[in-house]
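First up is the structure itself, then whatever we jot down about it.
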């Protein structure tokens, strides 16, 4: 049997500087790959700690088993009655079974089962030593890392995201004798490229982080280094009477760029503050990986905080170097801004004509024309200023050809607002040029004005309609035009801003926009229905995330209300109704009614009741209650107060139960039978004003 002890294990792969934006994901995948490999091999451990720095990926596994557990092995052979020939000697089948297991016939055992006795071979497979399995586990983990494009270096045919230089693999105090990525494993790491550019011996895995910190000037733990940087940046900001703005993604990137971080503050000329702060921040973050600083009022200060990967004896030289680098960057931003303001947004519109939105759907200029038309319609429908909405739609993409946005694409919309203000456009128009892209992501804020909502909806609906119109529907893995996000954005704006817009009317207007430009939409037949159904389906996931049962969603979808706000009101009403005691009984009754009417086939059921044919007390009572409820809920339905209507209809439970208990629906006399069908038809129609509650039936 294998003797299993527990020892710590350490692996470190030393490389050239790894891609900073990918370091965190590479480390997580490297760790998970090894952990999964160990678990698959049934090798246990007590814990682990990941390390990731610019020039290394490492993993410390604590209390790792030194071997796999022994595995009991059992293999079933032929039946005992088939194991012997007529002379009582082992049969060919039995001998073959023994031979296939590498043993003699006498080594086989018998097992009694309800179906008879069988030959069985039992053995114990000794577990392999962990050190023999680790090289392959690590190799598989490295092969499975999320690396879009691997590289080669020198004469080697080894491939990795960056050239590899050293490999440390220690189990307990012993080096694991193996090669990975062409590197022979050892027990040495390397320190900071500038502070401690030398080999450092690691004798015990648990001492790795401390030795690397003390002797190598490297903080190997990513999270520890990240927190140190955060604290340093915040502390430095207080020394210049400011507040540092720490973007999480930038913090991760800076953490991935530094092994021994030292935060320092620098300054830039006040003249650059005349440039929109968003442009300055984009330049500092995007090009230089600086953190910007604001005052107590949230205004940008002429300072920045950089994180150096070196502890300089003359930090002022490091600061001066960064100040020299940032000045031309900010000067470029100022030049772009000054140059752009020499043209109006109207002037720039002409430059949109040669820019293709989509090959079959025309130019970006043509898109702005369609957006303007649809925005005007939306604003007018909601009682807003159609002229301002049209103007905002015309200008909404002009900043895409500005020098500033060409350099910093993330500023689209932001610069549009600044340039529209500079041109003297209406404040509402200017603000809309920024808000048109809202919501940019899940949970993002929505446009604050009706015109902003109109242009945001128009832009998204135009894209959805056009892309569907040329048969480029999104698939499970591909959605290049982000149609799912656009659809969810439209629904959110309409519902949360309480706009009474109809998706069918919007899609129809969008189609007309393409047709007026002579754009051919090959999928025009049923295009409106296809697009509306796709958009309404986006409700499913959103409501389920809120904990709303799929039965409730389906009960409303069955009626296919195409006004998102109306759809939402129905969902809320049915959710409240479904929590009532009467809900299940009424859902069952509606299901029963639905089945009865369906079985009636092609029979023409009257729309009105013949009261003279009502003979049973229960049907007379139900007819009376149905008539009264129809009058009672009519005002609520017309005002969209569906919850109130459903609460009122809950009172139908008792008369409906009495009707089915005491009345034979399928009476022999045809006139009476049809009259009762008519009563049930009226009953069902009361609920169908809100939802098909027969779909709520729980049992």
Within the range 358-382, how many residues are without any contact (Cβ under 8 Å) to a residue 40 or more places away in the chain and outside any helix (DSSP H, G or I)?
2
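I need a count of the residues in the range 34-53 that are over 20 Å from residue 180 (Cα atoms) and either surrounded by fewer than 20 Cβ atoms within 10 Å (Cβ to Cβ) or under 27 Å from the mean Cα position of the chain (by Cα) (or both).
Of the residues in the range 34-53, the ones over 20 Å from residue 180 (Cα atoms) are 39-40, 42-49.
Remaining after also requiring either surrounded by fewer than 20 Cβ atoms within 10 Å (Cβ to Cβ) or under 27 Å from the mean Cα position of the chain (by Cα) (or both): 39-40, 42, 44-49.
Number satisfying all stated conditions: 9.
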Answer yes if at least one residue in the range 472-490 is modelled with pLDDT of 95 or more and in contact with a strand residue (DSSP E or B) (Cβ under 8 Å, 6 or more places away or on another chain), and no otherwise.
no
Checked the range 278-308 for anything closer than 30 Å to residue 216 by Cα and in contact with a strand residue (DSSP E or B) (Cβ under 8 Å, 6 or more places away or on another chain); matches are 285, 288, 289, 290, 291, 304, 305, 306, 307, 308
Could you check, for the range 65-78, whether at least one of its residues is in the same structural domain as residue 121 (by TED's automatic domain parsing) and without any contact (Cβ under 8 Å) to a residue 12 or more places away in the chain?
no
How many residues of the range 251-281 are surrounded by fewer than 20 Cβ atoms within 10 Å (Cβ to Cβ) and over 23 Å from residue 193 (Cα atoms)? The answer is 9
With the condition kept exactly as written, say whether any residue in the range 222-231 is in contact with a strand residue (DSSP E or B) (Cβ under 9 Å, 6 or more places away or on another chain) and closer than 19 Å to residue 15 by Cβ.
yes
Within the range 142-154, is there a residue that is assigned to a helix (DSSP H, G or I) and in the same structural domain as residue 60 (by TED's automatic domain parsing)?
yes
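Starting from residues that are surrounded by 11 or more Cβ atoms within 10 Å (Cβ to Cβ) and over 12 Å from residue 16 (Cα atoms), keep the ones in the range 152-165 and report whichever is modelled with the lowest pLDDT.
Here is the first cut: in the range 152-165, the residues surrounded by 11 or more Cβ atoms within 10 Å (Cβ to Cβ) are 152-153, 156, 158-165.
Going one step further and asking which of them are over 12 Å from residue 16 (Cα atoms), we end up with 152, 156, 158-159.
On the way: 152: 92, 156: 81, 158: 90, 159: 92.
Filtering the range 152-165 for residues that are surrounded by 11 or more Cβ atoms within 10 Å (Cβ to Cβ) and over 12 Å from residue 16 (Cα atoms), the one modelled with the lowest pLDDT comes out as 156.
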When the range 659-677 is examined, which residues are found to be assigned to a helix (DSSP H, G or I) and without any contact (Cβ under 8 Å) to a residue 12 or more places away in the chain?
670, 673
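Those residues that are in a helix (DSSP H, G or I) and either within 30 Å of residue 5 (Cβ to Cβ) or in contact with a helix residue (DSSP H, G or I) (Cβ under 6 Å, 6 or more places away or on another chain) (or both), I need them from the range 96-128; list them, please. Reasoning before the result, please.
From the range 96-128, those in a helix (DSSP H, G or I) are 96-100, 105-107; that's our starting set.
Of everything in the range 96-128, those that are in a helix (DSSP H, G or I) and either within 30 Å of residue 5 (Cβ to Cβ) or in contact with a helix residue (DSSP H, G or I) (Cβ under 6 Å, 6 or more places away or on another chain) (or both) turn out to be 98, 105.
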List the residue pairs whose Cβ atoms are under 7 Å apart, where the first residue sits in the range 579-596 and is in contact (Cβ under 8 Å) with a residue 12 or more places away in the chain, the second is surrounded by fewer than 16 Cβ atoms within 10 Å (Cβ to Cβ) and not in a helix (DSSP H, G or I), and the two are 6 or more positions apart or on different chains.
584/698
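Results for (1) part of a loop (DSSP other than H, G, I, E, B); (2) touching a strand residue (DSSP E or B) at 6+ places or on another chain (Cβ under 6 Å); (3) surrounded by 13 or more Cβ atoms within 10 Å (Cβ to Cβ), shown as yes or no for each residue.
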| position | (1), (2), (3) |
| --- | --- |
| 518 | yes, no, no |
| 525 | yes, no, no |
| 531 | no, no, yes |
| 535 | no, no, yes |
| 539 | no, no, yes |
| 548 | yes, no, yes |
| 551 | no, no, yes |
| 554 | no, no, yes |
Looking at the structure I just gave you, is residue 216 in contact with a strand residue (DSSP E or B) (Cβ under 9 Å, 6 or more places away or on another chain), at positive phi and either buried (at least 18 other Cβ atoms within 10 Å of the Cβ) or touching a residue at least 60 places away in the same chain (Cβ under 8 Å) (or both)?
no
One residue is enough: does the range 5-24 have a residue meeting the conditions touching a helix residue (DSSP H, G or I) at 6+ places or on another chain (Cβ under 8 Å), without any contact (Cβ under 8 Å) to a residue 24 or more places away in the chain and either exposed (fewer than 14 other Cβ atoms within 10 Å of the Cβ) or part of a helix (DSSP H, G or I) (or both)?
no
Among the numbered criteria (1) modelled with pLDDT under 95; (2) surrounded by 24 or more Cβ atoms within 10 Å (Cβ to Cβ), which one does residue 462 miss?
(1)
If we keep just the residues of the range 384-402 that are surrounded by fewer than 21 Cβ atoms within 10 Å (Cβ to Cβ) and free of Cβ contacts under 8 Å to residues at least 24 places away in the same chain, which is farthest from residue 450 (Cα to Cα)?
387
Please determine, by comparing only the residues of the range 336-356 that are surrounded by 15 or more Cβ atoms within 10 Å (Cβ to Cβ) and over 37 Å from the mean Cα position of the chain (by Cα), which one is nearest to residue 269 (Cα to Cα).
343
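Look at the range 294-323 and say how many of its residues are touching a helix residue (DSSP H, G or I) at 6+ places or on another chain (Cβ under 6 Å) and assigned to a strand (DSSP E or B). Steps first, please.
Start the filter on the range 294-323 by keeping residues that are touching a helix residue (DSSP H, G or I) at 6+ places or on another chain (Cβ under 6 Å), which leaves 300, 302, 304-308, 312.
Keeping just the survivors that are assigned to a strand (DSSP E or B) gives 300, 302, 304-308.
Count: 7.
Matching residues to (1) modelled with pLDDT of 95 or more; (2) outside the structural domain of residue 276 (by TED's automatic domain parsing); (3) buried (at least 19 other Cβ atoms within 10 Å of the Cβ); (4) within 30 Å of residue 525 (Cα to Cα):
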{"residue": "374", "(1), (2), (3), (4)": "yes, yes, yes, yes"}
{"residue": "404", "(1), (2), (3), (4)": "yes, yes, yes, no"}
{"residue": "414", "(1), (2), (3), (4)": "yes, yes, yes, no"}
{"residue": "440", "(1), (2), (3), (4)": "no, yes, no, no"}
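In this structure, is residue 621 in contact (Cβ under 8 Å) with a residue 40 or more places away in the chain and closer than 20 Å to residue 661 by Cα? Before the answer, list the steps.
Details: in contact (Cβ under 8 Å) with a residue 40 or more places away in the chain: no; closer than 20 Å to residue 661 by Cα: yes.
Criteria not met by residue 621.
May I ask you to say which residue of 307, 325, 318 is surrounded by 14 or more Cβ atoms within 10 Å (Cβ to Cβ) and free of Cβ contacts under 8 Å to residues at least 40 places away in the same chain? Please lay out each step first, then the result.
Details: 307 fails: free of Cβ contacts under 8 Å to residues at least 40 places away in the same chain; 318 fails: free of Cβ contacts under 8 Å to residues at least 40 places away in the same chain.
Just a single option satisfies the conditions, and that option is 325.
The values are calculated or read from the model by the stated rules, or taken from the named source; none is laboratory data. Model, not experiment: these values are computed from the prediction. Reconstructed Cβ throughout: ideal geometry from the backbone, glycine too, with neighbour counts over all protein chains shown.
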